[in-house]
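Nothing in this text is a laboratory measurement; each read-out follows from the coordinates by a stated rule. Since this is a predicted model, take the numbers as computed values, not measurements. Don't worry about glycine lacking a Cβ; one is built from the backbone with ideal geometry, like all the others, and counts go over all protein chains shown.
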Amino acid sequence: MKNATAYAFKNGIRQWRIALIVYVIQLLLAMTLGMQIYQVLEASIGNSLELGKLLTEYNHTVFSDLLNVHGASISPLIGQARWVLLAYLVFSAFINGGLLYSVTIGSNQWKDFWYGGSEFFLKFLKLTFIYLIIYLVWIAFIGISSAYVFGQMLEFSSERIAIRAWTLIAILAIIGMVLIFIASAYSKFDIINEQKIWTSFKKGWNTLLSQFGSITVTTLSLGLIFIVIWCIYLSLEAILGMSSPVLIVIFFLLQQLVVYSRIVWKLMIYNGLYRIIHFKKLS
């Protein structure tokens, strides 16, 4: 739907302040683990001459040697990473509450983001765990399918068959993840409209199925925007590389800009999805 796409793009840009809040929250969570990783690596391999070989390009041999020699320093961080992921899962319920509430009322004010995050936190957290189970089931299905293809490789007449099978599995994996994400968004919109959790869960999937055509067009249109941004960044990195301190700083800033644009893009997606059901109610 052209109207939904235009509405999503305009409102996503207009809500840049809310995207900035989310960026700061996610940055603080990432820094919690990132600073610890930096301190551990600085203490163990910070003076290694082998690091210089990784500045110009990725070298698997050097990377493997560093892990073999200094792997014991990195292993304690794995346990801490699990706690950070759990914290991110909890914070995501708050963040999505603020984002979706702001989208619902068409606000770009920080106070509305904080209100939505706190008001719908518990319900969103419960719904997040429900959809997390669905994600894990889908990932398990994809993993089993990939393992089956790998086990049958010797019986295939050509490697192309295996590559095509894995490509198909990858496409199905992405489509499944996107559909689950959209259904969860609609379920959360229904919670904001004072629906119960299980009622919202069912209505989310019903909305996805009933508006599948409009949702597909809008999602693909908005998805193309982020794909273009990502391709531009990858092209610049491939052409210039991070071979000097100045370029490292420049590309670090570009990376953060891409991360921030992803949050704005997520707001566009939410606005587009909300616009579709809003049109449905008006018609």
(request) For the pairs Lys123/Lys266; Lys126/Lys266; Lys126/Lys202; Lys203/Lys266; Lys123/Lys203; Lys10/Lys126, note any where the Cα-Cα span goes beyond 23 Å. (result) Lys10/Lys126
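Please work out the ratio of the alpha-carbon Rg of the stretch 188-245 to 2.2 N^0.38 Å and round it to two decimals.
Compactness ratio reported: 1.89.
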(request) Please give, to one decimal in nm, the separation of the simple spin-label points placed at Gln36 and Lys202, each 7 Å out from Cα toward the Cβ. (result) 4.3 nm
(message) I'd like the per residue volume of the convex hull spanned by the Cα atoms of the stretch 130-181, given in cubic angstrom.
(response) 45 Å³
